[in-house]
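Take a look at the structure set out below.
The values are calculated or read from the model by the stated rules, or taken from the named source; none is laboratory data. In this text the structure is predicted, and so the values were computed from the model without any measurement. Don't worry about glycine lacking a Cβ; one is built from the backbone with ideal geometry, like all the others, and counts go over all protein chains shown. Remember, those area values only see protein heavy atoms, side chains included, never the ligands or the DNA or RNA. Shrake-Rupley method; radii C 1.70, N 1.55, O 1.52, S 1.80 Å.
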Amino acid sequence: MDWVAIVGGLIIAYLLHAIYQAWKESKAPPPEPTKWMVGDITELTLASHTGYDWSKPTLIAVKGVVYDVSKSNDQYGPGKQYNLYAGRECARALAKDSLNIEDCTDDLEGCSEEQLQRLEQRLAHIRAEYDEVGKVVPMAQLSLQQLARHDGSDPALPMLLSIRGVVYDITAGKQFYGPDGIYPFAGREVARAFALISTELADCSDDLTGLGPVELDALRDWEAKFNSKYPIIGRLVKDS
């Protein structure tokens with residue numbers, strides 16, 4: 001009988017402790033949300049952060065600095081008043097209190113002193129309200145020879161590939177596109193190979209001669225996937 005009482009007491013003590021811990025955790029403040037850093041970002045990559053892709057934060061840029069405005073998707077999200085600013089540099093638009101797409105630029109030439117003061121006031125609000133998560137950088141210009149150095153052979157360099165002259169940073173997908181991947185295309189222009197759904201290095205070029213609607217649709221699907229998944233960092237230029 002003593003053992004039954006002891007075991008019963010232990011069970012009651014355990015349950016009381018569990019209830020107390022649950023109550024204590026329920027009173028604890030929620031953890032701070034993880035800050036999404038994008039770092040250096042080109043305008044083409046910024047353009048994919050408009051709030052239409054739920055897996056990406058909604059971003060705006062002001063004077064080249066990128067801010068995460070996701071918590072205000074009721075203002076910047078799809079169909080909302082300021083969605084025009086999402087995915088764009090909007091310094092001039094803020095200065096002019098404009099919702100015209102042609103004002104989504106960092107060019108402040110011709111803005112009045114009043115408009116410049118309005119921009120600074122709005123920028124102060126944005127800095128206080130939203131996280132700074134990156135900076136807009138120019139598109140890199142790479143030749144095929146320069147692109148070839150980014151094939152995964154040098155771990156100090158990011159892995160890159162090009163589709164129709166648009167260069168993507170595919171480091172995050174190195175298991176697929178690196179030297180040991182199913183598509184070992186890092187460091188190459190791959191438009192034709194993707195259109196043909198080919199894994200042959202001989203098909204790595206931008207030559208789409210002879211391809212039909214089915215192949216071109218496949219290529220567009222690849223481009224949509226890469227635009228959604230990988231940062232655009234530059235363009236191919238012809239070797240000099």
Under the condition of being aliphatic (A, V, I, L, M) and free of Cβ contacts under 8 Å to residues at least 40 places away in the same chain, which residue from segment 131-166 is surrounded by the fewest Cβ atoms within 10 Å (Cβ to Cβ)? A156
Failed item in (1) buried (at least 16 other Cβ atoms within 10 Å of the Cβ); (2) part of a helix (DSSP H, G or I); (3) not aliphatic (A, V, I, L, M), with P57 passing the rest: (2)
List the number of the failed condition for A91; all other conditions in (1) in contact with a Gly (Cβ under 9 Å, 6 or more places away or on another chain); (2) farther than 15 Å from V133 by Cα; (3) modelled with pLDDT under 95 hold. (3)
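Considering every residue within segment 174-190, establish whether at least one is of a type in the set (V, I, T), surrounded by 21 or more Cβ atoms within 10 Å (Cβ to Cβ) and in contact (Cβ under 8 Å) with a residue 40 or more places away in the chain. Quick ask: steps written out before the conclusion?
The initial filter retains those residues of segment 174-190 that are of a type in the set (V, I, T), namely 182, 190.
Now narrow it down to the ones that are surrounded by 21 or more Cβ atoms within 10 Å (Cβ to Cβ): 190.
Among the residues that remain, those that are also in contact (Cβ under 8 Å) with a residue 40 or more places away in the chain are: none.
There is no residue in segment 174-190 that is of a type in the set (V, I, T), surrounded by 21 or more Cβ atoms within 10 Å (Cβ to Cβ) and in contact (Cβ under 8 Å) with a residue 40 or more places away in the chain.
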Selection within segment 170-180 - within 23 Å of D207 (Cα to Cα) and either at pLDDT 95 or above or assigned to a loop (DSSP other than H, G, I, E, B) (or both): I170, G178, P179
Condition check: modelled with pLDDT of 95 or more and either more than 21 Å from the chain's Cα centre (by Cα) or part of a loop (DSSP other than H, G, I, E, B) (or both). Does G187 satisfy that? yes
Return yes when P78 is out of contact with any His (no Cβ under 6 Å at 6 or more places or on another chain) and either charged (D, E, K, R) or open to solvent by 70 Å² or more (accessible area, probe 1.4 Å) (or both) and no when it is not. no
Name the residue, out of A86, A128, A61, that is without any contact (Cβ under 8 Å) to a residue 40 or more places away in the chain, of a type in the set (G, A, S) and closer than 16 Å to A47 by Cβ. A86
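So, in segment 193-216, of the ones that are of a type in the set (D, E, K, R) and farther than 18 Å from R235 by Cβ, which residue ends up surrounded by the fewest Cβ atoms within 10 Å (Cβ to Cβ)?
Start the filter on segment 193-216 by keeping residues that are of a type in the set (D, E, K, R), which leaves 200, 203, 206-207, 215.
If we keep only those that are farther than 18 Å from R235 by Cβ as well, we get 200, 203, 215.
Details: E200: 9, D203: 18, E215: 16.
This residue is E200.
If I filter segment 16-56 down to residues being among the β-branched types (V, I, T) and within 20 Å of V136 (Cα to Cα), which single residue comes out as modelled with the lowest pLDDT? Write out each step before concluding.
Of the residues in segment 16-56, the ones among the β-branched types (V, I, T) are 19, 34, 38, 41-42, 45, 50.
Going one step further and asking which of them are within 20 Å of V136 (Cα to Cα), we end up with 38, 41-42, 45, 50.
Details: V38: 80, I41: 91, T42: 93, T45: 92, T50: 93.
Filtering first and then ranking leaves V38.
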The one condition in (1) farther than 19 Å from I41 by Cα; (2) at pLDDT below 95; (3) assigned to a helix (DSSP H, G or I) that S228 fails to fulfil: (1)
